[in-house]
Amino acid sequence: MNANPYDVIIVGSGAGGAAAGHRLALAGVRVLIVEKGVELPKDGSTLDDVQVVMHGRFLSTEPWRDGGGRAIRPEEHFNLGGKTRWYGAAVLRYSAQEFLDDSRYAARGWPIAQSDLAPYYDEAERLLGVRIFAVEPTLKRILDAIEALDSAWISIPLPMALSEQILQNPLEARHFDGFASVAHLKGDAESSFLNPVAQRSNLTIRTGSEVVALLTGRSDGATHVAGATCIGGVRLAGGEELRADTVMLAAGTLHSPRLVSRFIAALDPPARHLKFDLVGRNLKKHVLTALIAVSLRRPTDILRKTMLTTHADFPHSSVQPLGFDAELIATLVPNYVPRCVARMIGRHAYGFFLQTEDGASRDNRVYEESPETPPVMDYDEARVPASLAEHEAFTRAFRRVLLRIGMVSFTQRVGLNGTAHVSGTLVMGTHAGDAVVDPDGAVFGIGGLYVVDGSVLPRSSRVNPSLSIYAWGLRVADRWVKSRR
């Protein structure tokens with residue numbers, strides 16, 4: 001008999017953790033969600049340009065190193081709801097093709113099909129309140145002009161997790177992309193998944209609690225079952241131990257593999273039969289460029305981020321507008337431009353975000369020498385040459401067509417610090433020789449340990465990963481519940 005107070009402990013409250021917690025709570029499972037960060041303030045500071053953009057008040061201060069030993073500061077967020085509180089609300093499904101292997105592009109296939117995830121995509125969209133907004137006049141003029149010149153450029157409505165009421169709130173409407181909503185006008189992990197079940201007696205949420213280690217030993221005393229080392233709970237930074245026979249990791253792509261690595265490293269040598277070498281590898285983060293396009297006409301759009309654009313010659317790439325107003329766009333103008341000129345440019349500019357799927361490379365990885373030293377994010381786009389080549393060609397093509405319609409563009413590559421779309425470091429597959437996690441989310445060789453965040457994603461796709469992470473968290477929790485009936 002399980003004497004633990006919880007059946008499942010979830011580490012992290014972002015997309016995957018909140019989705020799994022939502023499903024488990026509705027099923028009556030005794031679940032504890034442990035979040036390193038705290039709840040965000042409701043005083044309006046999360047919508048303030050200066051505090052959010054200029055001062056980076058809400059970003060993690062955890063120091064990292066790159067593969068060459070240089071200091072970097074990934075743009076991570078630790079708070080209730082995780083990165084989803086800050087994301088740009090664009091929630092798209094991966095296409096059926098993006099679940100398949102594409103070896104010429106170094107893209108790994110999923111061990112499941114899109115149809116397996118489809119019902120969970122449906123549920124996530126419903127909970128997030130996903131809707132389509134009408135394309136606004138300035139963006140429509142730009143996209144119509146592009147398609148008139150080259151019909152290979154195709155634009156479709158962008159599914160958005162935004163309330164219709166956001167159009168009646170100018171401050172929120174101009175500050176949803178990269179800002180946390182105060183009025184809960186944006187669908188996110190906290191608003192859409194946790195709040196609806198927060199009052200249930202079987203759900204406990206602890207914030208300000210950092211998990212530093214995974215524990216062995218089930219409540220029945222077993223440490224090994226069927227050749228697998230059994231999970232037994234988690235240890236917090238202050239030394240407190242929390243026990244459960246199932247732990248679901250949702251700490252994020254940069255953080256979950258570090259917990260797994262520490263667990264494996266702490267095992268006795270005879271028990272180190274796990275595929276340690278794959279943990280932390282296959283890091284993907286998209287190849288990304290921010291672009292601002294300037295014309296003589298001043299944009300009048302409010303939301304801006306309402307359409308997705310692709311080109312037939314670049315099957316792994318996409319463009320979406322930035323939901324930035326003039327002041328925010330001005331921050332993307334190169335620093336050598338006087339700020340007064342940058343602000344003038346911002347008033348005549350439209351922002352775009354270009355992203356290309358990056359292939360999987362074992363050498364792109366996350367690791368730490370010890371818990372006391374800065375972790376390392378060793379990522380180099382040169383290791384995925386097909387991705388880099390497509391992105392550079394795609395960016396040139398988009399800039400050319402903008403110029404032909406009378407818009408001059410500036411670009412800024414998103415470097416190592418840009419970690420909004422990271423995935424892949426605990427990759428999912430069908431067997432332990434080539435993956436860390438199985439198609440049900442269970443970690444090979446560790447009984448009771450599951451992964452519900454983006455670190456399982458075999459492919460990064462050409463679109464944002466958040467909806468797929470929500471759907472994956474729902475699926476893992478749903479299958480876990482059904483397996484115990």
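Lys and Arg at +1, Asp and Glu at -1: add these up for the other residues within a Cβ distance under 9 Å of VAL8 and post the number. If you can, show how the numbers build up before the last one.
Numbers: positive: ARG30; negative: ASP7, ASP245.
Here the count lands on -1.
Output ³J(HN,Hα) for the range 12-26: one whole-Hz value per residue in order, computed from phi by the Karplus curve 6.51 cos²θ - 1.76 cosθ + 1.60 with θ = phi - 60°, and x for Gly and Pro.
Per residue, the Karplus-derived 3J(HN,Hα) values read x, 10, x, 3, x, x, 5, 5, 5, x, 4, 5, 5, 4, 5 Hz.
Amide H neighbours of TYR6 under 5 Å, counting only residues 5+ apart in sequence or on other chains, H built in-plane at 1.01 Å?
Here nothing satisfies the definition.
Fully extended, how many nm does the chain gain between ALA213 and ASP434 (0.36 nm per residue separation, minus their Cα-Cα distance)? Working shown, then result.
Details: separation 221, 0.36 × 221 = 79.56 nm, distance 2.48 nm.
The span from ALA213 to ASP434 would gain 77.1 nm if fully extended.
Which angle between 0 and 90 degrees, to the nearest 10, do you get for helix 466-483 versus the longest principal axis of the chain when only C-alpha atoms count?
Compared with the principal axis, the helix lies near 20 degrees.
Give the calculated FRET efficiency between SER151 and GLN97 to the nearest 0.05, with a Förster radius of 25 Å applied to their Cβ-Cβ distance.
It comes out at approximately 0.75.
Dipole size in debye (nearest 20) for the chain around its Cα centre, Lys and Arg Cβ +1, Asp and Glu Cβ -1? Could the numbers behind the result be given before it?
On the way: 53 positive and 53 negative charges, 108 e Å.
Value, rounded to 20: 520 debye.
Ranked highest first by the average count of other Cβ atoms within 10 Å around their residues, in what order do 393-400, 417-424, 171-178, 20-27 fall?
On the way: 393-400: 17.9, 417-424: 22.5, 171-178: 20.4, 20-27: 25.0.
Answer by packing, highest mean first, reads 20-27, 417-424, 171-178, 393-400.
Expressed in nm to one decimal, what extension gain is obtained for the pair ALA265 and VAL225 from 0.36 nm per residue of sequence separation less their Cα-Cα distance?
Numbers: separation 40, 0.36 × 40 = 14.40 nm, distance 1.93 nm.
Extending this stretch completely gives an extra 12.5 nm.
What is the Cα centroid distance between the range 306-368 and the range 391-416, reported in whole angstrom?
9
Tell me the relative contact order for the chain as a rounded percent, counting alpha carbon contacts under 8 Å between residues six or more apart. Walk me through the numbers before you get to the answer.
On the way: 1123 pairs, mean separation 119.4, N = 485.
Contact order relative to length: 25 percent.
Only bridges with both residues in the range 8-483 count here: give the DSSP antiparallel percent, nearest 5. Please report the intermediate quantities before stating the final value.
On the way: 47 of 68 bridges.
Within the range 8-483, antiparallel bridges account for around 70 percent of the total.
So for each of 92-99, 4-11 I average, over its residues, the number of other beta carbons within 10 Å; can you give me the resulting order with the highest mean first? Provide the component values of the computation, followed by the final result.
Details: 92-99: 17.6, 4-11: 22.9.
Most protected by this proxy first, the peptides run 4-11, 92-99.
Where does the charge balance sit around LEU117 when Lys and Arg score +1, Asp and Glu -1, over other residues with C-beta under 9 Å from its C-beta? Intermediate values should be presented prior to the final figure.
Details: positive: ARG93, ARG475; negative: ASP116.
After counting each charged neighbour, the total is +1.
Using the Kirkwood radius over C-alpha pairs as Rh, can you work out the diffusion coefficient of the range 119-214 via Stokes-Einstein at 37 °C, viscosity 0.692 mPa s, in µm² per second? Present the calculation step by step, with values, prior to reporting the outcome.
Numbers: Rh = 16.6 Å.
Translational D for this selection: 197 µm²/s.
Which entries of LYS42/LYS83; LYS83/LYS140; LYS285/LYS482 have Cα-Cα distances beyond 28 Å here?
Values: LYS42/LYS83 17 Å; LYS83/LYS140 30 Å; LYS285/LYS482 33 Å.
Those over the limit are LYS83/LYS140; LYS285/LYS482.
Work the Kirkwood hydrodynamic radius out for the range 8-483: mean of 1/r over every pair of different alpha-carbon atoms, inverted, in Å.
On the way: mean 1/r = 0.0440 Å⁻¹.
Over the range 8-483, the inverse of the mean reciprocal pair distance is 22.7 Å.
So, counting K/R as plus one and D/E as minus one, what does the shell of residues with Cβ under 13 Å around PRO63 add up to? It would help to have the intermediate numbers written out before the result.
Details: positive: ARG65, ARG70, ARG73; negative: GLU62, ASP66, GLU76, GLU368, GLU372.
Summing Lys/Arg as +1 and Asp/Glu as -1 gives -2.
Kindly write out, for the range 250-260 in residue order, the coupling ³J(HN,Hα) from the Karplus curve 6.51 cos²θ - 1.76 cosθ + 1.60 (θ = phi - 60°), rounded to whole Hz, with x marking Gly and Pro.
Karplus values, whole Hz, x for Gly and Pro: 9, 6, x, 4, 8, 10, 4, x, 5, 5, 5.
Please list the non-local residues whose amide H lies under 5 Å from the amide H of GLY447, H modeled 1.01 Å from N, same-chain partners needing a gap of 5 or more.
When sequence neighbours closer than 5 places are left aside, the close amide H contacts are THR229, CYS230, ILE231.
Starting from the Cα of ASN169, step 7 Å along the direction of its Cβ; do the same at VAL341; then give the gap between the two resulting points in nm.
3.8
Between GLU369 and LEU296, how high is the FRET efficiency from 1/(1 + (r/R0)^6) when r is the Cβ-Cβ distance and R₀ = 51 Å? Nearest 0.05. Don't skip to the end; give the middle numbers.
Working: r = 54 Å, r/R0 = 1.07.
Efficiency computed from Cβ-Cβ geometry: 0.40.
Going by a ≥ b ≥ c, the root eigenvalues of the Cα gyration tensor, does the range 1-73 fall in the rounded group (a/c under 1.5), the prolate group (a/b larger than b/c) or the oblate group? Before the final figure, lay out each step's value.
Details: a/c = 3.41, a/b = 1.68, b/c = 2.03.
Cα axes put the range 1-73 in the oblate bin.
When the Karplus curve 6.51 cos²θ - 1.76 cosθ + 1.60 is applied with θ = phi - 60°, which whole-Hz ³J(HN,Hα) does each residue of the range 32-44 get, with x for Gly and Pro?
So the J values, rounded to whole Hz, are 10, 9, 10, 10, 5, x, 10, 5, 5, x, 10, 8, x.
For the range 329-485, what is the Kirkwood estimate of the hydrodynamic radius, computed as the reciprocal of the mean inverse distance between distinct Cα atoms, to one decimal in Å? Before the final figure, lay out each step's value.
Values: mean 1/r = 0.0530 Å⁻¹.
It works out to 18.9 Å.
Using packing as a proxy for protection, rank 145-154, 128-137 so that the peptide with the highest average count of other Cβ atoms within 10 Å comes first. Could you put the intermediate results ahead of the total?
On the way: 145-154: 14.7, 128-137: 16.6.
For the peptides 145-154, 128-137, the packing ranking is 128-137, 145-154.
Can you tell me the length gained on complete extension of the stretch HIS184 to ASP277, counting 0.36 nm per residue apart and subtracting the Cα distance?
Numbers: separation 93, 0.36 × 93 = 33.48 nm, distance 4.17 nm.
Fully extending the segment from HIS184 to ASP277 adds 29.3 nm.
Each value in this text was obtained by applying a stated rule to the coordinates, not by laboratory testing. Given the structure is predicted, the values throughout are model-derived calculations rather than measurements. Here the Cβ is made from the backbone with ideal geometry for all residues, glycine too, and neighbour counts use every protein chain on show.
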